[in-house]
Each structure stands twice: as structure tokens, then as C-alpha cells.
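Colleague: Take a look at the following structure, please.
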Amino acid sequence: MIVVTGATGNVGRPLIEALAEAGEQVVAVSRRPLPSPTDGVRHAQADLGSAESMRPVLEGADAFFILLAGELLGYGEAATDLLAAARDAGVKRVVLLSSQINATRPDSASHGRLREFEEAVRGSGLDFTILRAGGFASNAFAWAESVRADRTVFAPFGDVALPVVDPADIAAVAAVVLREDGHAGRTYEVTGPEAVSPRAQADVIAEAIGEEVTFVELTREAAHTHMAQFMPEDVIPGTLDILGAPLPAEQRVSPDVEKVLGRPATPFSGWVSRSLPAFK
């Protein structure tokens, strides 16, 4: 049995679908009901920040996928307590979705709690794999309303390119490492196949919907205000640092998606094609 947290998100949904299609017993964990339950998947409402609420969910599980909601980054002892609960329940394998920033900017205050989770996973005594993801292609959903209403994209740092990753690729990698041997103790950097700037992303969306889309470059201050509507405040400065002045390692295309999946990572255009209804 495989327990998947973050089951309602852009990674969790395709992950539980992939595992179910592979014939795995899956428990999908979220703090609210699943909007459209996947056939054959059991749902459990629990709070990842409360080890006690997770203990009955983890009982009998072989593997455990941890995806932290933004607010969980502030929980004090959540990491060690959660891993202890998993170990007590008999879990053998744990996969943590982490962030590339833990490698590239280890002193970043915005991801301190996530680093604590990495350390707890490494010291848990369980077989572990850490997936350090770059920026998500699905962050472009933040433009969907303005594209639908005015055919306009608002974003900072219009010409700074990063290899954004399709969340479905993260899910596909997670599905492999949760099910297969040979990944214990490894840390994979999960990125897209090429660096693409916000302005170029707007062009991809325009081509996909068959209409012109205007790109409007935001100041850092305006971007901060906008991101505060959907992102924890303490994560925003570090995110803007990466978007505006990425380090060479943050612009590098990782080979790990292709290494694990045996196929290239999905380009931004592929994510847009699959997500097109949101922009029309």
C-alpha cells in the first residue's frame, strides 16, 4: 500500500492516478474531500502536520509520499514526528517532494522548514528518495484569468529563462521511485527539458489558443503583492530572487527525469496543450 499526501494538488492528482493504473493500493490523503475520487483509491482526511492524525492512515503502508502544503513549512516538530509515525507503522520507503532551492541556496530563510524535512527523511532509517523540483509549469495557471479576460500575461523578469517542470513529470518520477528498487538514498533534480522565460511562455500560450497575448512586465514589488494572494509570505522573497537572478545551477537542465522515466521531460508547450481549457 502506498500513502500519498497532497492528493488534491497538481502533483498529487496525477500521482494517485498513475499508481492506481499500475495496480497499486493507494490511500490519498488530504485535509478536504477529493473533488473527483479516482476509482480504486481510498481517501483519508488527515493533517500532515499532526503525526497522530497520520498514524492510522500509515498503518499497513509500504511506501509514503510526502508533499508539504505551504503552511506546513511553519510547523516545528512536524518532520521528526511524522517520520517516527511512519517508521512505527511499518513504512519501508519514503519519497519527499522538496525544492531545488535546498541545493542552490542552502541559507535561504524561506525554505528552512523544508530543509528540516529533508534532514528528517535522511535520518529516518527508512529507504528514502528526495525529489528536488524546479519551478512548476503549472505556476502559469496564475495567468489564466487575465489571459481569458484580456489576453494578457503579467509577470516579473520577462526575459529570465528557467527550466520549468510539468507537475505530471514530477508525479511520474515519484510513481517510479515509490514502486521500484534502486532509488534508495538518491536525490533527483526534477526540471523541464529547456529553459523558457515568462515572455516566451506567454508566446506559447498565445500560439496554443490561436490569439495574440500581450506580455506586461511587473516590477518586483508588484509581483510580490500579486504572489502574496496565493503563496506564503516568507517564501516570496526567495522565489523572486530565483525568478530575477537565478544561479547557473537553477538554469541548468537536469537529466534526471529522462534518467528515471526513460523519456525526455515534457516541454512547457506540452503542459499548455494539456491545460488549454484554463486559458480559453
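Colleague: Quick check: Cα centre of the stretch 201-271 to Cα centre of the stretch 116-141, how many Å?
Modeller: First find each Cα centre; the distance between them is then 19 Å.
Colleague: Another question, if that's okay. If you keep only loop residues by DSSP, which GluC sites (Glu not before Pro) in the stretch 200-280 have at most 16 other Cβ atoms within 10 Å of their Cβ? Spell out each step's value before the answer.
Modeller: Numbers: sites: Glu207, Glu211, Glu212, Glu217, Glu221, Glu233, Glu250, Glu258; in loops: Glu211, Glu212.
For GluC sites (Glu not before Pro) across the stretch 200-280 that sit outside H, G, I, E and B with at most 16 neighbouring Cβ atoms in 10 Å, the list reads Glu211, Glu212.
Colleague: Where in the stretch 177-200 does the label zone of Lys259 land, with the point 7 angstrom along Cα→C-beta and an amide N cut-off under 20 Å?
Modeller: Output list for this probe position: 177-195.
Colleague: Whole number in Å², please: accessible area per residue of the chain, 1.4 Å probe, ligands, DNA and RNA not counted.
Modeller: Numbers: 12370 Å² over 280 residues.
Here the residues of the chain average 44 Å² of exposed surface.
Colleague: For the chain, what does the helix formula give at 222 nm: sum of -39500 (n - 2.57) over DSSP H segments with n ≥ 4, over the residue count, nearest 500 deg cm²/dmol? List each step's numbers first, then the result.
Modeller: Working: 13 runs with 110 residues, N = 280.
When only DSSP H runs of four or more count, the value is -11000 deg cm²/dmol.
Colleague: Put +1 on the Cβ of each Lys and Arg and -1 on the Cβ of each Asp and Glu in the stretch 165-220; which of Leu178, Gln201, Pro167 then has its Cα farthest toward the positive end of the dipole?
Modeller: The one lying farthest along the dipole's positive direction is Leu178.
Colleague: From a point 7 Å beyond the Cα of Arg32 in the direction of its Cβ, which residues of the stretch 231-247 have a backbone N at a distance under 17 Å?
Modeller: From the stretch 231-247, the list is 231-232.
Colleague: Can you list residues whose amide H is under 5 Å from Val190's amide H, if they're 5+ apart or on another chain and H is modeled 1.01 Å from N?
Modeller: Arg132, Ala133, Gly134
Colleague: Under the rule of at least 5 residues apart or a separate chain, name every residue whose amide H is placed under 5 Å from the amide H of Thr152.
Modeller: For Thr152, whose amide H was placed from the backbone, the distant partners under 5 Å are Val147, Thr214.
Colleague: Right, something else. Rounded to the nearest 20 debye, what is the charge dipole size of the chain about its Cα centre when +1 sits on each Lys and Arg Cβ and -1 on each Asp and Glu Cβ? Working shown, then result.
Modeller: Working: 24 positive and 38 negative charges, 65 e Å.
Roughly 320 debye for the chain.
Colleague: Also, quick follow-up: Which of the following values of Cα extents along the principal axes in Å was calculated from the structure shown: (1) 67, 43, 35; (2) 54, 40, 34; (3) 57, 49, 29?
Modeller: Among (1) 67, 43, 35; (2) 54, 40, 34; (3) 57, 49, 29, the one derived from this structure is (2).
The values are calculated or read from the model by the stated rules, or taken from the named source; none is laboratory data. A quick note: this is a predicted structure, and the numbers were derived from the prediction, not measured. A quick note on method: Cβ atoms are made from the backbone with ideal geometry, for glycine too, and the neighbour counts reach across all protein chains shown. To get the accessible areas, we keep the full protein, side chains included, count just its heavy atoms, and leave off ligands, DNA and RNA. Shrake-Rupley method; radii C 1.70, N 1.55, O 1.52, S 1.80 Å.
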